[in-house]
Amino acid sequence: MPVTLKAMRYFTTALRHGNISRAAEELHVAASAVSAAIDQVEARFQLQLATRHRARGIAPTRAGREMARKFTRLLEDYDTVLAEGAELKQEFSGSFRLGYYAPVAPGFLPQILTPFLAPGQKVSLDLEECHNDAAQSGLLDGRYDAILFVPDGTCPQIEYEVLLEAPAYALLPSGHPLAARRELSLADLAEERLIALNRPMVTEYQQRLFESLGRGPDTVVQANTTEMVRCLVAAGHGCAVLNMRPATDLSYGGQQLTARPLRDAGAPLQLAVGYNRENPRRIVSAFADGCKAWAASPGAAGFVVLPPNETGAP
């Protein structure tokens, strides 16, 4: 028995909600119709695509996530074919799930997502901040349609495009003696108390930076969010080494911060957008194009700290 478009729609809606009853409410059908659609799809492919929990709804299996991703693409293509008129052809519809490992993403993501949030668009956005490894695994297993991440030790199956290269820089409290200089070296920070961003990839990166000094950084506090690091530095508890900066030099507490480039910081970290480049859904392709357009804009340069006499970002 072939899988109908209706069954595909019921199936993807149920997995998106994780609940058959809520999917039935959205679709304005009986819950039994949604349940039957799931059974139909599983019977056609002879695979278990969803696990039913009596009190917790349903959860997709790995195969279920992949099937839902393919069905979503087919349904969007079908809906686009039915759309008539030039205006309708410019609309976006469906869900878009983004996983991002980019601590300052709130500073630029709203700008990139503007086309999807315009009046008349029928897009459901799901944005999730996560670790770098979680972003990559989420793209591979279909939990995310696209990811923003650092392609350092990337899984070979992931396709991506580099958006920015962000050299390491020193973050100092306002009034610190080193803030009077135009640029610094790692040796200048050797005797300073450091506030470290406690993320696995970042920790390894910073250890590599300080290897040239023959010693590790004098870390007094580790925090797992960039803004906590910034607030601790602003309060005068130490300095930090970071890569991307927000558009403001104020911490959450309203205290002033100073960013200074490091002339011997070595290789920069990269920010990349990862997605299925071979056959992307229309909304995914539009998001990737939006990321690249933003990265090429003058505004993106404000998120990196470059040494004097260097302009722009690669």
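At-a-glance table
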read-out: Helices (runs of 4 or more DSSP H) lying entirely in segment 39-144 (those with 1 or more residues that are among the hydroxyl-bearing types (Ser, Thr, Tyr) and out of contact with any Leu (no Cβ under 9 Å at 6 or more places or on another chain)); value: 62-82, 132-140
read-out: Number of the condition not met by Arg230 [criteria: (1) in contact with a Ser or Thr (Cβ under 6 Å, 6 or more places away or on another chain); (2) closer than 23 Å to Gln136 by Cα; (3) basic (Lys, Arg)]; value: (2)
read-out: When residues of segment 287-314 are limited to those that are of a type in the set (Gly, Ala, Ser) and surrounded by fewer than 18 Cβ atoms within 10 Å (Cβ to Cβ), the one modelled with the lowest pLDDT; value: Gly312
read-out: Those residues of segment 215-227 which are at pLDDT 70 or above and in a loop (DSSP other than H, G, I, E, B), in sequence order; value: Asp218, Asn224, Thr225
read-out: Residue in segment 276-286 that is touching a helix residue (DSSP H, G or I) at 6+ places or on another chain (Cβ under 8 Å), modelled with pLDDT of 90 or more and not in a strand (DSSP E or B) present; value: yes
read-out: In segment 96-126, residue nearest to Arg73 (Cα to Cα) [restricted to those that are over 11 Å from the mean Cα position of the chain (by Cα) and of a type in the set (Gly, Ala, Ser)]; value: Ser124
read-out: Condition check for Val241: part of a strand (DSSP E or B), touching a Gly at 6+ places or on another chain (Cβ under 7 Å) and in contact (Cβ under 8 Å) with a residue 12 or more places away in the chain; value: no
read-out: Any chance Gly175 is of a type outside the set (S, T, N, Q), within 21 Å of Arg277 (Cβ to Cβ) and touching a strand residue (DSSP E or B) at 6+ places or on another chain (Cβ under 9 Å); value: no
read-out: Positions within segment 185-201 being surrounded by 15 or more Cβ atoms within 10 Å (Cβ to Cβ), touching a residue at least 24 places away in the same chain (Cβ under 8 Å) and part of a helix (DSSP H, G or I), in sequence order; value: Leu186, Leu189, Met201
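The values are calculated or read from the model by the stated rules, or taken from the named source; none is laboratory data. Computed from a predicted structure; not experimentally measured. All Cβ positions, glycine included, derive from the backbone under ideal geometry; neighbour counts span all protein chains shown.
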